[in-house]
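Take a look at the structure below.
The values are calculated or read from the model by the stated rules, or taken from the named source; none is laboratory data. As the structure is a prediction and not an experimental result, all values here were calculated from the model. Here the Cβ positions follow ideal geometry from the backbone for every residue, glycine too, while neighbour counts run over all protein chains shown. Accessible surface areas use protein heavy atoms only, side chains included; no ligands, DNA or RNA. Shrake-Rupley method; radii C 1.70, N 1.55, O 1.52, S 1.80 Å.
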Amino acid sequence: MRGIKKLLEGGARLITISCDGKKVYYHFFFDGKIITHPKSKRNLKSLCDVFPDAELYERELMEKYGVKFANHPKPEKLFT
Amino acid sequence: MPKVEVPFGPYHPALGEPEYFRVVLDGETIVNIDFDLGYNYREIERKVLTFTWPKAIVLLGRICGICSSAHTQAFGMAFEKINSIEVPKKAHFVRTIGAELERIHSHLLWLGLLGENAGFDTLFMKAWGTREHALNMLENISGKRIHYNYVRYGGLYRDINREKIRFLKSELSEMKKKYADTDELFRSNELMDDRLRGTGRLTKKQAKAFGVVGPTARGSGIRMDVRKDVPYSAYEEMEFKVPVEQGGDSYARAIVRLDEIWESISIIEQSISMMPKKKIEPAKPVYVSKEGEVSQVVEAPRGENFHYLKSGVQTPKFFRARPPTFANIVAVPTMLKGGTMSDVPIVISSIDPCFACTDRVIVIDRNSKTTKEVSI
């Protein structure tokens, strides 16, 4: 997660977070390029402190794929 | 004074599409607003995994009736990147014309709805009257006014001939005259100025934090446009400006869109004059793909539209779309806080929300506590 936080602090914009059931992908826009960071589903930390928009993306994955994000400010059910 | 909770939607005259907003009021002032999406939920991301390639691109055009071209273009380009398919130069120009016509018709539709929500029906009539010309041109290119699936892997559904180009030119000049009137009507009207200026303010800092995109970001002073940042189709050869306003309020967002229509008209004119004259064959259906993964962004009328595609041989393996409204909607509570109930329809329509796009992805639970924030 440290690499991702550095990227965000360096001015990268989080486009979205997606999950194909096995891995979690962080999509960033940085320096005119789209960067995709694949991560294992385990031991993920929330990015909400750096990027407030991540909250909705993270909650979606929690609900849809059972991914857990540590320190999430509002880990509530998203899909009714 | 006790706080009052006012439901806004899901079926409300000011909302074109069904969504639910829960507004918490303290007297006249809005203290909180929560939203509940999901009334158009169709799970297209999952459905597309069961479709073969020629069918998949048609389904993607159905995500949204207005951003039809943006979704098919992003998906088509992602597929072309994976399979290294080369697209004829003329097809690039036609795709650019289609994308810009889509932007014009989307912005004019939005302008009409904004006029209607602000109690200015003349603007509604004028804007939608002008929009007819953009729809006629789209019908001319693709055969349909809405859901124009003219993008195919490696080219187009059909070529456009001289006659069609002549029609485009005459319709465009007609539209320009009508749009000049509409534009002036909006800018010279004190009523719109009073109503929109200062309403739904989003500062540059807030806009950056929320990661808003498109005209919502440009209205808050952030210079971002996929067409300039990562040029695709024929945008590299075009000369156009990216309109940016510093106000951050509903008026700034409106002015950005009005200026963008002029830029779009200029891009269409440039494309028509630069387009190769030679005929091209309609693209043949592709049934088999290489395996690979790719991300693609395009500038939809409402902002950056992101597609992530992992391809299998006959069908997509994994697909994810992040339409622009999903990135913009999180900023609405911040824009509305401190305003009054009468600002709600105007501020919601000022981000030009497309709930059909958004609901393909997400549902937000409304069982949370009323006084809690949605997004921060």
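How big is the protein assembly as shown along each principal axis, measuring the range of its Cα positions in Å and listing the largest first?
Result for the protein assembly as shown: principal-axis Cα extents of 69, 56, 38 Å.
Which value, in Å² rounded to 10, gives the accessible area of B:Arg62 with a 1.4 Å probe and all protein chains present?
For B:Arg62, solvent-accessible area is about 90 Å².
Averaged over A:28-38, how many beta carbons belonging to a partner chain fall within 10 Å of each residue's beta carbon? Write out the running numbers ahead of the final one.
On the way: counts 1, 10, 0, 1, 4, 3, 7, 1, 4, 0, 1.
That average works out to 3.
What is the pair-distance distribution P(r) of chain A, computed from all Cα-Cα distances in 10 Å bins starting at 0, with each bin given as a whole percent?
19, 56, 23, 2
Could you order B:Ile280, B:Ile329 so the one with the most accessible surface comes first? Probe is 1.4 Å.
Working: B:Ile280 30, B:Ile329 0 Å².
Descending accessible area places them as B:Ile280, B:Ile329.
Leaving ligands, DNA and RNA out of it, report the carbon-plus-sulfur percent of the accessible area of segment B:129-256 at a 1.4 Å probe. Spell out each step's value before the answer.
Numbers: 2550 of 5690 Å².
Looking at segment B:129-256 in its full context, I get 45 percent from C and S.
Could you tell me which of B:Ser295, B:Ile348, B:Thr29 has its Cα farthest along the dipole of chain B towards the positive end, charges placed at Cβ (Lys, Arg +1; Asp, Glu -1), taken about the Cα centre?
The residue sitting most towards the positive pole is B:Ser295.
With the other protein chains left in place, how much accessible area per residue, in square angstrom, belongs to the protein assembly as shown at a 1.4 angstrom probe?
Working: 18370 Å² over 456 residues.
For the protein assembly as shown, the solvent-accessible area averages 40 Å² per residue.
Could you work out the helix-only [θ] at 222 nm for the protein assembly as shown, with each DSSP H run of four or more residues adding -39,500 (n - 2.57) and the total divided by the number of residues, to the nearest 500 deg cm²/dmol? It would help to have the intermediate numbers written out before the result.
Numbers: 17 runs with 196 residues, N = 456.
Counting only the DSSP helices, I get -13000 deg cm²/dmol.
Could you work out the relative contact order of chain A? I mean the mean sequence separation of Cα pairs under 8 Å and 6+ apart, divided by the number of residues, in percent. If you can, show how the numbers build up before the last one.
Numbers: 118 pairs, mean separation 19.3, N = 80.
Here the relative contact order equals 24 percent.
Mind checking how much accessible area B and A bury in total, 1.4 Å probe, in Å² rounded to 100? Provide the component values of the computation, followed by the final result.
Working: alone 15720 and 5340 Å², together 18370 Å².
So the buried area, both faces added, is about 2700 Å².
Given a cut-off of under 8 Å on Cα pairs at least six residues apart, what relative contact order in percent is computed for chain B? Mind showing how you got there, number by number?
Values: 725 pairs, mean separation 101.2, N = 376.
Taking the mean separation of contacting Cα pairs over the length of chain B, I get 27 percent.
Dividing the alpha-carbon Rg of chain B by 2.2 N^0.38 Å yields what?
0.99
With the solvent-accessible surface defined on protein heavy atoms using a 1.4 Å probe, which residues belonging to segment B:274-304 display a reduction of at least 20 Å² in accessible area in the multichain context relative to the isolated chain?
Those residues are B:Ser295, B:Val297, B:Glu304.
Heavy atoms only, probe 1.4 angstrom, no DNA, RNA or ligands counted: give me B:Thr50, B:Thr130 ranked by accessible area, highest first. Can you show the working numbers first?
Values: B:Thr50 105, B:Thr130 0 Å².
Descending order: B:Thr50, B:Thr130.
Please work out the Cα center distance from segment A:23-80 to segment B:123-157, rounded to the nearest Å.
That distance is 37 Å.
Roughly how many Å is it from the Cα centre of segment B:47-92 to that of segment B:256-293, as a whole number?
Computed from Cα coordinates, the inter-centre distance equals 13 Å.
Treat every Asp and Glu Cβ in segment B:44-319 as -1 and every Lys and Arg Cβ as +1, leave all other atoms uncharged, and give the resulting dipole magnitude about the Cα centre to the nearest 20 debye.
That gives segment B:44-319 a dipole magnitude of about 820 debye.
Mind checking which of B:Leu202, B:Leu191, B:Leu109 has the largest fluctuation in a GNM of chain B, springs on alpha carbons under 10 Å?
B:Leu191
Over all distinct Cα pairs, what is the inverse of the mean 1/r for segment A:35-80, reported as the Kirkwood hydrodynamic radius in Å?
Working: mean 1/r = 0.0914 Å⁻¹.
Taking every pair of different Cα atoms in segment A:35-80, averaging 1/r and inverting gives 10.9 Å.
To the nearest 10 square angstrom, how much accessible area does A:Ser40 have with a 1.4 angstrom probe?
Accessible area of A:Ser40: about 70 Å².
Would you check the accessible area of A:Asp49, probe 1.4 Å, heavy atoms only, in square angstrom rounded to 10?
The accessible area of A:Asp49 comes to roughly 120 Å².
Ordering A:Asp31, B:Asp159 by how much accessible area each has at a 1.4 Å probe, largest first, what is the list? Display every interim value, and only then the final one.
Details: A:Asp31 135, B:Asp159 35 Å².
Ranking A:Asp31, B:Asp159 by accessible area, largest first, yields A:Asp31, B:Asp159.
Output the relative contact order of segment B:189-238, whole-number percent, from Cα pairs under 8 angstrom with separation of 6+ residues.
After rounding, I find 23 percent.
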